[in-house]
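Down below is the structure, laid out as C-alpha cells.
The values are calculated or read from the model by the stated rules, or taken from the named source; none is laboratory data. Note that the coordinates shown come from a computational prediction; the quantities given were computed from them, not determined experimentally. Cβ: placed from backbone, ideal geometry, glycine included. Neighbour counts: every protein chain shown.
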Amino acid sequence: MKETRLLMGMPITVDIADKNAAGSDINKIFDYFKYVDKKFSPFKENSEITKINNGQVKEENYSEDVKEIFELSEQTKKETYGYFDIIDNNGKYNPSGIVKGWAIYKAAELLENMGYKNFYVDAGGDIQVYGKNAQKDNWKIGIKNPFKTNEIIKVVYLDKNQGIATSGTYIRGQHIYNPKSRDEKMSEIVSISIIGPNVYEADRFATAAFAMQGEGVNFIEKLDGFEAYMIDKNGIATMTSNFEKYTNAKINR
Amino acid sequence: MSAKKILLSLVFIAVLGIYIIYQRGSSSNNPILNNNNSVSGLSATNQNQNQNTVPQNAGTMMGGNAGQMMPGRYKDGQYTGSSANAFYGMVQVKAIIIGGRLTDIQFLNYPQDNRNSLSRSNYALPQLKSEAIQAQSANVNAISGATETSSGFIQSLSSALSQAS
C-alpha cells in the first residue's frame, strides 16, 4: 500500500509492502509529519522554533522534541567540524537541515511499532527502508540525475533497514532560472547521495558533506558504515570505496 | 543553450497549466497545492518514475502542449509572487511578461540547502573511483534526490501570474 502527499513543501511517500497494511496507519504517519512541520518550521509564525527565535520561550520550557533536535544538532556540528550548524547568518535557529532526516526516521519507527516489517518512508528524496519490497527483494532505489530530474543515473539496493539521503541543488546548479547568479561562482559539486545506517545519519552527513563540496566524499570515506556517490558540475561521479557493493541486488553485505 | 530553451518552454507550459487550474480553482487560497495534494495525481507521476518535476505534472494536467495554444494572455509587466514555504526556506519569484508572454522568471528568494557553502573548489580528490554519470532505465521502488522546491515555486509563480492576468 503506497500513498504520497505533499506536506512540508515536499512529496512524502509511505509504501508498506506488508500485506496487512492499513490506510489509517499511513494517515497517522502523515499526521506525524504535519506535527513536525508545525513544531519546527522557522517559517510558521506559531511554531515552537519561531517562538524560541523571538525569545518567547524559556529554555527550561522547550519541548522534549526541540531539546532532542538541539542536542543532535550540537553533536552533528562537532562531528562535522562546524560544517553543520542550525544557527543561520542572523543568529536564528533553522533546524530544517536535521529535522527532515530525524522525522523520517521517527516515522519509520512509528510504523515499526505498529507491527510493520517491510516498508519505506520517503520525504523529498530522503528514504528510510525497512525489510524487503513486495517482491521480497532488497529495496531498489534510484539516484536522481541532478541535471535532468526525470532521469535516474544509479540504482542501489538497500537491505539492513538503511537510509539514503541526497543533498544538492538542481536549479542553481543548472543556472537555468536565475540570471543574477551568472556572476556567482558555480558550485563544483551539484549533488551528493549518502547511504548510511539510517536516514537520520545519512541526511545529516549528506548536508554536511555537500557543504564541504569536493572534500565531502573524503569525509564520508573516513566514516564507518557510510558510502557516498558525489556528482560534480561536469557530470562526473566520484564514489567511496565500498559504494559499488550497493549496486549489486543480491550481495550479502 | 538548447537545454535552457527546453526548460524554459517546459516552465512556460507548466505556468499555463497552473494558470488554468488557478482560474478553475475554487475559493481555496491555494488551488495548486490542493491539486497536487490529490493522491492519484502524484501516484500517477510516481509510476512514471518521475516524480515531481513541475513541468511534467503540469504537462499531464494540461494533456499536451499548451504553450502554443494560448499565447499572449498576460499583461506586460513585472509581477512579484508571494513568498512560499519550501521547507528549507522561502521561495519567491518575479515573473516578467513581455508581449503577453512569460519571458523570464527571476528568483528573488531561493532556499539554500548548503547553508555553509564554501567557495573553495581546488580540493584534491582522493584516489576514489570516478565515472561519468549515465542514465539508467530500471524500475525502482523509490528515488533519492535533493529536495526540490517545486511546490513553493508553483505557489509563488501562480500568485505572480494571477496579478498579470
Original post:
Can you name the residue in the range A:94-125 that is surrounded by fewer than 19 Cβ atoms within 10 Å (Cβ to Cβ) and over 16 Å from the mean Cα position of the chain (by Cα) and is also nearest to the other protein chains (Cβ to nearest Cβ) among such residues?
Top reply: A:Lys117
Subject >> Where B:Thr103 falls short, out of the listed (1) surrounded by 15 or more Cβ atoms within 10 Å (Cβ to Cβ); (2) at pLDDT below 80 >> reply: (1)
**OP:** Looking at (1) in contact (Cβ under 8 Å) with a residue 60 or more places away in the chain; (2) part of a helix (DSSP H, G or I), find the lone condition where A:Ile220 falls short.
**Re:** (1)
Original post:
Can you tell me which of A:Lys44, A:Lys2 is within 11 Å of another protein chain (Cβ to nearest Cβ), over 14 Å from A:Lys100 (Cα atoms) and surrounded by 16 or more Cβ atoms within 10 Å (Cβ to Cβ)?
Top reply: A:Lys2
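Per-residue answers, yes or no, for (1) free of Cβ contacts under 8 Å to residues at least 12 places away in the same chain; (2) on the phi < 0 side of the Ramachandran plot:
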residue	(1), (2)
A:Ala21	no, yes
A:Asp31	yes, yes
A:Val36	no, yes
A:Ser41	no, yes
A:Asn46	yes, yes
A:Lys51	yes, yes
A:Gly55	yes, no
A:Asn61	yes, yes
A:Ile69	no, yes
Original post:
Can you name the residue in the range B:130-140 that is within 7 Å of chain A (Cβ to nearest Cβ) and at pLDDT 85 or above and, of all such residues, is farthest from A:Asn234 (Cα to Cα)?
Top reply: B:Val140
Subject >> Selection status of A:Gly225, surrounded by fewer than 22 Cβ atoms within 10 Å (Cβ to Cβ) and at pLDDT 85 or above >> reply: yes
Original post:
Restricted to the range A:130-147, and to residues that are at the interface with chain B (Cβ under 8 Å from one of its Cβ atoms) and not in a loop (DSSP other than H, G, I, E, B), which residue is surrounded by the fewest Cβ atoms within 10 Å (Cβ to Cβ)?
Top reply: A:Lys140
